[in-house]
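Data block below; observations after.
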Ligand SMILES: [Zn+2]
């Protein structure tokens, strides 16, 4: 797929990368930060859901802890494999982000409609029905019986990718979440995101888990208009023969 990018040529902060003739060249291993910065460039500093201005934004890896988490929404929630790409990110105030939780945008709209209802008895019934339907569909998504990501984002799984093994916390919380999820649902919840020239941009823990468990297939999103051209150490890894 090709992700949404601004039309003009742009140089990102902190030498993360630049956009030249419709291609994003990443100079550093800061893909998520680059996506955050570009999302704000394209959508402005207002909440996508309520229109409130968003302040206190940082695109820096060191400074962003806790800040950006609350000020960007994944349209398809992270829990269901929603990737951190511009197509799936929108500026979002912390209030809306908290209320939306792990709902898809249309589910969140329905929820907000119910919250506006004046009759409390009716509202209570509608909420009960809403959440029981939500639980049902969410479990189907977890089992992969209902696909969360649009078909046009997904590629055939790749035979090999380049992976950067400079890692602070190799078996951290994300890895454990994948491992627990896999035990019950028999699938990896997070797809991998790969650049046009086959560098792993996101999904390191998914790859790690695959290699340990000898899994050979994973949902793959390949970004044709993103090229990694940095100097960090990447090594080639075979995923399947
Ligand atoms: Zn809001």
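Going by the conditions given, is residue 8 assigned to a loop (DSSP other than H, G, I, E, B) and surrounded by fewer than 16 Cβ atoms within 10 Å (Cβ to Cβ)?
Numbers: assigned to a loop (DSSP other than H, G, I, E, B): yes; surrounded by fewer than 16 Cβ atoms within 10 Å (Cβ to Cβ): yes.
In short, yes.
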*asked:* Taking the criterion of being at pLDDT below 95, more than 17 Å from the chain's Cα centre (by Cα) and surrounded by fewer than 16 Cβ atoms within 10 Å (Cβ to Cβ), would at least one residue in the stretch 130-149 satisfy it?
replied: no
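Given the criterion within 14 Å of the chain's Cα centre (by Cα) and within 16 Å of the ligand (Cβ to nearest atom), identify the matching residue among 154, 72.
Being within 14 Å of the chain's Cα centre (by Cα) and within 16 Å of the ligand (Cβ to nearest atom) holds for just one of 154, 72, which is 72.
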*Of the residues in the stretch 42-59, how many are closer than 25 Å to residue 109 by Cα and away from the ligand (no atom under 16 Å from the Cβ)?*
1
_Total residues in the stretch 11-40, condition part of a helix (DSSP H, G or I) and touching a strand residue (DSSP E or B) at 6+ places or on another chain (Cβ under 7 Å)_ = 7
*Residue by residue through the stretch 98-107, note down the ones that are buried (at least 19 other Cβ atoms within 10 Å of the Cβ) and assigned to a helix (DSSP H, G or I).*
100
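For the condition in a helix (DSSP H, G or I) and within 16 Å of the ligand (Cβ to nearest atom), what is the one hit in 138, 112?
Details: 138 fails: within 16 Å of the ligand (Cβ to nearest atom).
Step by step, each of 138, 112 is checked, and only 112 is in a helix (DSSP H, G or I) and within 16 Å of the ligand (Cβ to nearest atom).
Please indicate, with yes or no, whether at least one residue in the stretch 184-203 is assigned to a helix (DSSP H, G or I) and surrounded by 12 or more Cβ atoms within 10 Å (Cβ to Cβ). I'd like the intermediate steps shown before the answer.
Our first condition is that a residue be assigned to a helix (DSSP H, G or I); within the stretch 184-203, this holds for 184-185.
Next, only the ones that are surrounded by 12 or more Cβ atoms within 10 Å (Cβ to Cβ) stay: 185.
Yes, because at least one residue in the stretch 184-203 is assigned to a helix (DSSP H, G or I) and surrounded by 12 or more Cβ atoms within 10 Å (Cβ to Cβ).
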*Inside the stretch 85-107, can you point out the residues that are within 8 Å of the ligand (Cβ to nearest atom) and either touching a strand residue (DSSP E or B) at 6+ places or on another chain (Cβ under 6 Å) or modelled with pLDDT of 95 or more (or both)?*
92, 97
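Applying the selection to the stretch 198-241, what residues are over 20 Å from the mean Cα position of the chain (by Cα) and under 27 Å from residue 21 (Cβ atoms)? Working first, answer last.
First, the residues of the stretch 198-241 that are over 20 Å from the mean Cα position of the chain (by Cα): 211-216, 229-241.
Correct list: 229, 230, 231, 232, 234.
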*Top-ranked residue of the stretch 209-230 - restricted to ones that are modelled with pLDDT of 90 or more and part of a loop (DSSP other than H, G, I, E, B), ranked as farthest from residue 157 (Cα to Cα)*: 230
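The values are calculated or read from the model by the stated rules, or taken from the named source; none is laboratory data. Everything quoted here is computed from the prediction, not taken from an experiment. A quick note on method: Cβ atoms are made from the backbone with ideal geometry, for glycine too, and the neighbour counts reach across all protein chains shown.
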